[in-house]
Amino acid sequence: MNTQEMIGLCKQYTMYTWAKGEAVSPLPIETAEGVYLYTPDGERILDFNSQLMSVNIGHGHPRVIEAMKRQIDELIYVFPGSATPVRARVGKLLSEIVPDPINRFFFTLGGAEANENAIRAARLYTGRSKILSRYRSYHGGTNLCMQLTGDPRRWANEPGTPGIIRVLDPRPYDYSFGESDEEKTRNNLVYLEEVIQYEGPETIAAMIIETVTGTNGILAPPEGYLRGLRELLDRHGILLICDEVMCGFGRTGKMFAFEHGGIVPDILTMAKGLTSSYIPLGCMGLCDKIAAHFDSNVFWGGLTYNSHALALATAEAVIEVLREEKLVENAARLEEVMRREMDRLTEKHPSVKEGRCIGLFGMIDIQKNSSGEASAPYNGSSPAMAALAKAFRDNHLFTFVRWSSFMCNPPLCITEEELLEGFAIIDRCLDVTDRAFEG
């Protein structure tokens, strides 16, 4: 099938996410390997966003593909009430790599389902109904998760489930709680305490956060924030849910991002990097005290594909690759290279406002003028950002341009040479936004 025929049939017979069908311009992909994508016409494209920040081990890893083939020959699917060898192995494996006291796991088909069940578990365990979430968060595309989400994708999905209270991040969009990490942490937690008092702490079951804010900024929490948040919520009997669908499994240079803050949440949600997106799988992890509650109380949740054997075999192989090939360590090592390249681009290009990264989780902001005004408005685009997106595509780089920023999230298997290749392309393309810079 040639490129145009493939694109035409996909647009005619399938729907695309977050878009008007007539405006979609799909990227034609036939094969992928390592950090590269290949079109039917043979074009090689550097995947600088791991697709949806999810193909952590890189494309087409032979060990994972072989494990998937073996599982197909053994057992593909049985109902969720079954015990299977791979379910036993992967549950035990996760208990080894997730810090104590999280040792019980509920498998889903993706991150949104994991978050749905995390909220269900928190409400059942506490007997409370309200949930705190943040405006710069994204937690998934289901009805409940859209309400947990703070960004504008929520608007068209309202009204939704009641009882969601959204609060500001330590770094809001248009101002700051302070300049230093200490100020941001202190001031945000004072503000959050006030919100909790107004809402009634005895009515709040949990707070859900992206441990590192993802698509809405790639924002690592300020120093001391996670520990302070943990202490604040504990005082009021409010559970902490860390959504690590995007930032987990090595993306930040540690297996899980909450490890940077020296805390462990009550509930952990995972997906994406869990299988490197080779097959759909999500997971909710519960700490021992919540797991014990559901030993003697019904967990009122269920999914046809819970603990799907093929998906679990994929996860098992992916985790083995992450550990044995030291990809988490590679992300930690290359953070310095990414940081250096971002600093170089900020110094060279007047249109670059700021670059941020933790591990191989990065974003660069583009400014319209020397006063720091964003190159595109909140929830909007601009000719300059559209031109930058086109320049990336024309120069064989895949990443996401969103509002006035673009992402730098390559597979964790990337080499330093390949990482520098990506930043060399970005360097050339930023001439587009420099020409639009107003001085």
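The values are calculated or read from the model by the stated rules, or taken from the named source; none is laboratory data. Here the structure is a predicted model, which means the values were calculated and not measured. FYI the Cβ positions are ideal-geometry reconstructions off the backbone, even for glycines, and counts take in every protein chain you see.
For region 292-301, does any single residue satisfy the condition of being in the same structural domain as G140 (by TED's automatic domain parsing), of a type outside the set (V, I, T) and under 22 Å from the mean Cα position of the chain (by Cα)? Looking for residues that are in the same structural domain as G140 (by TED's automatic domain parsing), of a type outside the set (V, I, T) and under 22 Å from the mean Cα position of the chain (by Cα), one finds none in region 292-301, hence no. Taken over region 89-143, the criterion of being within 15 Å of the chain's Cα centre (by Cα) and of a type in the set (G, A, S) is satisfied by G110, G111, A112, A114, S137, G140, G141.
In the set L27, L46, L75, L52, only one residue is surrounded by fewer than 18 Cβ atoms within 10 Å (Cβ to Cβ), touching a residue at least 12 places away in the same chain (Cβ under 8 Å) and under 21 Å from the mean Cα position of the chain (by Cα); that residue is L52. Hey, any hits in region 156-169 for a residue that's closer than 12 Å to R136 by Cα, outside the structural domain of V401 (by TED's automatic domain parsing) and in contact (Cβ under 8 Å) with a residue 40 or more places away in the chain? Yes, region 156-169 contains at least one residue that is closer than 12 Å to R136 by Cα, outside the structural domain of V401 (by TED's automatic domain parsing) and in contact (Cβ under 8 Å) with a residue 40 or more places away in the chain.
Yes/no per residue for (1) hydroxyl-bearing (S, T, Y); (2) in the same structural domain as D266 (by TED's automatic domain parsing); (3) out of contact with any Gly (no Cβ under 7 Å at 6 or more places or on another chain); (4) touching a residue at least 24 places away in the same chain (Cβ under 8 Å):
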position: E347; (1), (2), (3), (4): no, no, yes, no
position: P350; (1), (2), (3), (4): no, no, yes, yes
position: I358; (1), (2), (3), (4): no, no, no, yes
position: Q367; (1), (2), (3), (4): no, no, yes, yes
position: S381; (1), (2), (3), (4): yes, no, yes, no
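Among the residues making up region 40-87, those that are in contact with an Asp or Glu (Cβ under 6 Å, 6 or more places away or on another chain) and of a type outside the set (G, A, S) are P40, H59.
Among residues of region 251-279 that are under 26 Å from H236 (Cα atoms), those with a beta-carbon under 7 Å from a residue that is among the charged types (D, E, K, R) and surrounded by fewer than 24 Cβ atoms within 10 Å (Cβ to Cβ) at least six positions away or on a different chain give the pairs H260/K254; G261/R227; G262/R227; I263/R227; I263/R230. From the list R171, R154, R136, the lone residue that is crowded, with 17+ Cβ neighbours inside 10 Å, touching a helix residue (DSSP H, G or I) at 6+ places or on another chain (Cβ under 6 Å) and not β-branched (V, I, T) is R154. If the condition is being farther than 14 Å from V245 by Cβ and polar (S, T, N, Q), then region 107-130 contributes T126, S129.
Counting the residues of region 288-327 that are outside any helix (DSSP H, G or I) and buried (at least 20 other Cβ atoms within 10 Å of the Cβ) gives 2. Within region 114-136, identify whether any single residue is over 25 Å from T304 (Cβ atoms), of a type outside the set (A, V, I, L, M) and part of a helix (DSSP H, G or I), and answer yes or no. Yes: region 114-136 contains one or more residues that are over 25 Å from T304 (Cβ atoms), of a type outside the set (A, V, I, L, M) and part of a helix (DSSP H, G or I).
Note on region 30-43: residues that are surrounded by fewer than 16 Cβ atoms within 10 Å (Cβ to Cβ) and assigned to a loop (DSSP other than H, G, I, E, B) total 4.
Of all residues in region 181-205, those satisfying the criterion of being over 13 Å from G228 (Cβ atoms) and not hydrophobic (A, V, I, L, M, F, W, C) are E194, Q197, Y198, E199, G200, P201, E202, T203. Restricting attention to region 284-297 and to residues that are touching a residue at least 60 places away in the same chain (Cβ under 8 Å) and out of contact with any helix residue (DSSP H, G or I) (no Cβ under 6 Å at 6 or more places or on another chain), the residue that is farthest from A315 (Cα to Cα) turns out to be N297.
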